Amino acid sequence: MPALAHSAERPPAPAAVVARLRAAGCVFAEEEADLLMAAAATPEDLDAMVARRASGLPLEHVVGWADFAGLRIAVDAGVFVPRRRTEALVREAAALSAPGAVVVDLCCGSGALGAAVAAALGRAELHAADIDPAAVACARRNVGDAGGHVYEGDLYEALPASLRGRVDVLLANVPYVPSDEVALLPVEAREHEALVALDGGADGLDVLRRVTADAARWLAPGGCLLFETSERQVTSAVAAVTDAGLVPRVVTDEELYATVVTGRRPER
């Protein structure tokens, strides 16, 4: 995604830079060139950054940040880049909660979702967790800026026990690409993002089933689990939510090509 905004006040990038990016297959070469110019401190820096981008490194890894839900999210090398479509999940989560909510971001990656929901609410008790040490280090920068806490570990095992039964919003941007389809992903993802952030098992729903199975123990009464999935996985995803004793709901955003499934814990 060329998801990074650029300033219309900057002069256009040199044609040579645009040409190098276009030759490398960058669809939005002009916009990317502007961003690289803005990030580079010297002509030598620019040349090196253009070379890294032309080699297939995600633009966000080259400049060190992603524009997500109106926030500048730090994204370190190897860390999953937040997708534009996932902003639909953020909007849904914010609509289902209120200021002061207890928000948990599982499989947090850079921590973009939790930080964005906290920003939308204005005030939240924010916690995030990931199994990947590189993601945790990155998330601590983004979630820390939002006043939150980040833990390293496998799903709920990473969270403080004091959160059980208190979570109002449980965000779980789990990997949902079937294992045999990871090789079909764009080179930016499959070669430069952690496999653990992409591979969802045989049908893409292995991690999701683990999240839904224990969600009710962590959600407060009326609390809600939210995750993104593909259209073809909706039926199985909804079944997992229902089997866990949660009330499912499916939300689609045609503009962002996003499908969000929510599971609410009943009040009683």
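Modelling each spin label as a point 7 Å along the Cα-to-Cβ direction, I'd like the LEU256/ALA137 distance in nm, to one decimal.
About 2.9 nm separates the two model spin labels.
So for the stretch 98-202, what are the equivalent ellipsoid semi-axes in whole Å, largest first, each being the square root of 5 times an eigenvalue of the Cα gyration tensor?
Numbers: eigenvalues 133, 39, 30 Å².
Each semi-axis is √(5λ); the values are 26, 14, 12 Å.
Label-point separation (nm) for ALA183 and THR235, each offset 7 Å from Cα along Cα-to-Cβ?
2.8
Give the label of the value calculated from the structure for Rg and Dmax of the Cα atoms in Å, choosing from (i) 21.8, 73; (ii) 19.0, 64; (iii) 19.7, 64.
(ii)
Against the 2.2 N^0.38 Å scaling, with N counting residues, where does the stretch 11-152 land? I'd like the Cα-based Rg ratio to two decimal places. Intermediate results must be reported in sequence, preceding the final value.
On the way: Rg = 16.8 Å, N = 142, 2.2 N^0.38 = 14.5 Å.
So the Cα radius of gyration is 1.16 times the expected 2.2 N^0.38 Å.
Probe radius 1.4 Å, ligands and nucleic acids ignored: give me the carbon and sulfur share of the accessible area of the chain as a rounded percent.
Values: 6390 of 12040 Å².
So the carbon and sulfur contribution to the accessible surface is 53 percent.
Under 14 Å from the 7 Å Cα→Cβ point of ALA213, by amide nitrogen: which residues of the stretch 140-171?
Of the residues in the stretch 140-171, 155-157 have backbone N under 14 Å from the label point off ALA213.
Between ALA189, ALA135, ALA38, find the one with the highest GNM mean-square fluctuation for the chain; connect C-alpha pairs within less than 10 Å.
Comparing ALA189, ALA135, ALA38 in a Gaussian network model of the chain, the most mobile one is ALA38.
The values are calculated or read from the model by the stated rules, or taken from the named source; none is laboratory data. As the structure is a prediction and not an experimental result, all values here were calculated from the model. Don't worry about glycine lacking a Cβ; one is built from the backbone with ideal geometry, like all the others, and counts go over all protein chains shown. Remember, those area values only see protein heavy atoms, side chains included, never the ligands or the DNA or RNA. Shrake-Rupley method; radii C 1.70, N 1.55, O 1.52, S 1.80 Å.
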